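Below you will find the structure I want to go over with you.
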Amino acid sequence: MSKLSDEFKECYFMKTELVNLSKKLELPTNGSKMELQNGIIYYIKNKKQNKNIKIKKIKEQIPKKVPINLTPDTKLSEGYICNLITRNFFKKHIGDHFHFTYFLNEYVKNNPNKTYQDAINYWNYQYNNPELFKKKYEKTGKFEYNNFMKKYYEDHENASLDNVIKGWNEHKEKRNKKCKKTVQKLLDL
């Protein structure tokens, strides 16, 4: 079974593909891509649905508004959205080099009782220790297309966007051939 789960982990799926596969396996179809993948991997290893996986509803994850007067002492639980107001606040306190990151968003989501100052400190720590976070980021499996584009441009300095897209499609097609077999094995469990 672990061989099949390893094969599955090597595949790239769009969220809609994971939802469709989850439906066929009679697994929950809501949640993030990572939650869907983890549910399928659990199913592969155990031949049953993981009843302990808690799928968060998107409405619970996204605050409804950002406080009008953000200060460093504002609690993250009072509201946090990756928008222009929040970006300008962080740029004011961090500098023009600020940009939203996956890890900052995860920090906010997992630390609602912290303040915006804590988030500033965390972002600065992340910014000043990129190697620590680069390794963690690569393990998340998120933003695979973006990572492919970045690497492609590094390897092909004068590449056009059309070249990058063509390269991505070729890369995805090679993996998809192998992944179709993996999905069939999964459906045959």
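Only the coordinates and a few stated rules stand behind these numbers; no lab work does. Predicted model only: the values in this text are computed from it and were never measured. When we count neighbours, we look across all protein chains shown, and the Cβ atoms used for this are built from the backbone with ideal geometry, even at glycine.
Looking at this model, which pairs from LYS23/LYS114; LYS9/LYS150; LYS33/LYS177; LYS47/LYS75; LYS75/LYS150; LYS114/LYS172 are more than 31 angstrom apart at the alpha-carbon? Please report the intermediate quantities before stating the final value.
Details: LYS23/LYS114 38 Å; LYS9/LYS150 22 Å; LYS33/LYS177 21 Å; LYS47/LYS75 42 Å; LYS75/LYS150 35 Å; LYS114/LYS172 40 Å.
Over 31 Å Cα-Cα: LYS23/LYS114; LYS47/LYS75; LYS75/LYS150; LYS114/LYS172.
May I pose another question? Obtain the radius of gyration and the Kirkwood radius of the stretch 62-137 from its C-alpha atoms and give Rg over Rh.
We get a ratio of 0.94 for the stretch 62-137.
Next up: Check THR115: other-chain or 5+ apart residues with amide H under 5 Å from its amide H, H built from backbone geometry?
LEU76
Calculate one ³J(HN,Hα) per residue across the stretch 171-188 by plugging θ = phi - 60° into the Karplus curve 6.51 cos²θ - 1.76 cosθ + 1.60, and present them in order as whole Hz with x for glycine and proline.
Residue by residue, the stretch 171-188 yields 4, 5, 5, 4, 5, 5, 4, 5, 5, 4, 5, 5, 4, 4, 4, 5, 5, 7 Hz.
Across the stretch 109-126, in residue order, what do the Karplus-derived ³J(HN,Hα) couplings come to in whole Hz, using 6.51 cos²θ - 1.76 cosθ + 1.60 with θ = phi - 60° and x for Gly and Pro?
Residue by residue, the stretch 109-126 yields 4, 8, 9, x, 8, 7, 9, 4, 5, 4, 5, 4, 4, 5, 4, 4, 4, 4 Hz.
Starting from the 7 Å offset along Cα-to-Cβ, what nm value, one decimal, do you get for the label separation of ILE85 and GLU170?
In this crude spin-label approximation the distance works out to 4.7 nm.
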